[in-house]
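What follows is a single structure, written as structure tokens, with notes after it.
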Amino acid sequence: MPYEVTAAVGVSFVTFGLAAGFKPILVFFALLIGLSYFSKFRLGDTSVRWWVRLGLLFLAVVLSLGDQQQDGGMIGQARGRNILAMAAAAEVVMQFWRSRPRDPRWGPLAALALSGCVLLSATNSTGDIGLLFFTPLFFALTLFSVRRLRGSSGGVRGWALVLAATLGVGALASGYVASRRSDLMDLGLSLLAGRLGGLDGDNTSDRPQLGPLFGQQGSPARALRVRNYDGGHLRGATYYDYQAGGWGPATQGRKFDPAGSNTLAVLPPRGQALREAEVTRFSRSSLIYAPLPAASLDLLDAEEPEYARAEDGPVRSKNRPPFVYQFRYPTGLAGETFQGALASPPNSELKARCLELPQELRPALERLSARASGGAKSPAEITRNIAAYLLENHRYSLRWVPSGSRADPVVEFLEKKQSAHCEFFASGAALLLRARGIPTRYITGYFAHEPDGWGGVMVRQRDAHAWCEAWIAGVGWVTVEATPPSGLPDTKGEGVEGWRKLLERAQDSWLALTSWLTGRTPEQLLLFGGGLATLFALGVAVRFLLRRRGVAPPAESWWLPPSGLAPLAIRFERALRAQGVLTRPEQPWSEAIASLPEPLAALAERFVQHYSAVRFGGSLTERRALEEALAALEAAISSKGG
């Protein structure tokens, strides 16, 4: 194996060890690779190589099962990632000990590709070590390896410059990306997915701040996938304090309590059936999203789940995506008024906060709310009338155009009957309801609507939405949707590119595989390995019985002759050249031997017939006849020459 390939493999092993921790099995694989340079033994095209491969794979998987490092992967759990990386490393070792005389370049190329998988698993961690240094070094060594395999004889100076340029540019680029990764991702999310505070990336400390633009039609990147759910509002964070176009308090500044057993639940009404939905969170947000009437939240294996209990949310967890949790909810009419785990009755302090209005805005808001409520008396009727007023008097737009005055943005929106996005409709409804004495809170989250094809919905970053919830005495918290239908995400009609769907399917397949590996017990994997070993043993037994009965084993590949025929072919063509017959690669032997005199032509024809029979799977008896025909031809030529 070329030394450049070995160096690239070593870089991938070291990178993985730094990212995932010390792995004795990885050190053992490295020793086996080093030993291959001091031993002439190689695994040929026999069944032994499959037993060796199975043994190495068995060691790689079994010794990775005890890895307690569950998190630490940007995509998938760390243990599943480690198992796949060790399986690739085991196959790298096989390539160093394989004998491939027909295509010696296949082994080095396979080793490079497999070590690239090990490196990819290493960079799938939350650290920057692989991105900063080892990734450009690996690709530089790969470049040298490919040059060696192609047989290029470029000057040393030229290749030294290429190496220096690769390392320099790679280190600078990866260093910049690593140092500014958080800022770059937040910038991209703000451009693609909108300005809705607390939704995109990890900006859970931000406050929703109303502005001219709302990027609801932005990024189609997946935020959530919800199985067994028909769609609707998925709330993430609640806000109570309004001031100068912004809602608070900031999520990060709230008092969070441990979620205890990772389950938040209330008892459903007697006889009320509940559906269980499963959520996969793809976004970097730490918030847990669920509908208002969710009877329970089961955060499963969440890491340090927290709940801002005093403010009815949000719920958050530190798990990196993808993270899976569940919620149970009632369906039908019961789900419209059912008070779930995130709909606690407000105490006197919280109710007072839900009625607060800036003093300078109160006169204008009371005047506007009296007009919008239309003389209604009951809280439920007032809520319906105010939502209908906003729908009738305002148009939806992704852009709000301020008049240039110093008026409060929400009051200006209401007084001038301007067009704006959902943040203004939600804020306007909340403040108008407060002015009529109805406690209201501002909500950010997603409006789920896109069917995923499996009985659930796919939620994308562009489905970010804002609305409000009102406290109706005798009913509880109810969702107030004041945004016109043209502004709801499900009326946009935006498709998803085919390449994105293929990428999402590949990501889902990878996640399913890593989750399956992580969820297997050692006993299950041992049973699976035992089944594979049994199949191999049966194959070897059948092969042995066929040999005992005189049947030659079939060729490994139909286009390659069985091992041992090449020397016979060389001897045959040497005998023809002794008679002045020159064979060409494109010429069949049957045409070349036509010019031979008798009885040499008959002997040569006999050899060609037996050779064709053995070439395509003849018996051991046919092989002996082939060797006898060649010996007879050589003897006849020798006696003729004497």
Using the Karplus equation 6.51 cos²θ - 1.76 cosθ + 1.60 (θ = phi - 60°), what ³J(HN,Hα) coupling, rounded to whole Hz, does each residue of the range 373-385 give in order, writing x for Gly and Pro? 6, x, x, 5, 10, 7, x, 5, 6, 4, 4, 5, 5
What does the accessible area per residue of the range 270-311 come to in Å², with a 1.4 Å probe and no ligands, DNA or RNA counted? 40 Å²
Note down the accessible area of Met458, probe 1.4 Å, to the nearest 10 Å². 20 Å²
Which loop-located chymotrypsin sites (Phe, Trp or Tyr not before Pro) does the range 410-456 contain, where loop means any DSSP state but H, G, I, E or B and the Cβ has at most 15 other Cβ atoms within 10 Å? Trp454
Take the solvent-accessible surface of the protein heavy atoms, probe 1.4 Å, and return the percent of it on the range 267-323 that carbon and sulfur atoms account for. 47 percent
Arg227 paired with Asp257, simple spin-label distance in nm, labels 7 Å along Cα-to-beta-carbon: 3.2 nm
Using a 1.4 angstrom probe on heavy atoms only, work out the carbon and sulfur share of the accessible area of the range 366-517 in %. 55 percent
Show the residues, 5+ positions off or on another chain, whose built amide H is closer than 5 Å to the amide H of Leu43. Arg98, Ser99
If you rank Leu274, Leu299 by how much accessible surface each has, with a 1.4 Å probe, what is the order from largest down? Leu274, Leu299
Nearest-10 value in Å² for the accessible area of Ser595, using the 1.4 Å probe: 90 Å²
Using the heavy atoms of the protein chains alone and a 1.4 angstrom probe, what is the accessible area of the range 373-505 per residue in square angstrom? 40 Å²
Using amide H atoms built 1.01 Å from N in the peptide plane, name the residues 5+ places from Leu292, or on other chains, whose amide H lies under 5 Å from its own. Arg235
For a quick check of understanding: with a 1.4 angstrom probe and all protein chains in place, what accessible area in square angstrom does Cys117 have, to the nearest ten? 70 Å²
Could you list which residues have their amide H under 5 Å from that of Ile472, counting only those 5 or more apart in sequence or on another chain, with H placed in the peptide plane? Trp477, Val478
In what order, largest first, do Asp230, Asp312, Asp45 sit by accessible area if the probe radius is 1.4 Å? Asp230, Asp45, Asp312
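The values are calculated or read from the model by the stated rules, or taken from the named source; none is laboratory data. The structure presented is a predicted model; accordingly, all values stated were derived computationally and were not measured. Every residue, glycine among them, receives a Cβ derived from its backbone with ideal geometry; neighbour counts consider all protein chains shown. Quick note on the areas: whole protein, heavy atoms, side chains included, nothing else; ligands and nucleic acids left out. Shrake-Rupley method; radii C 1.70, N 1.55, O 1.52, S 1.80 Å.
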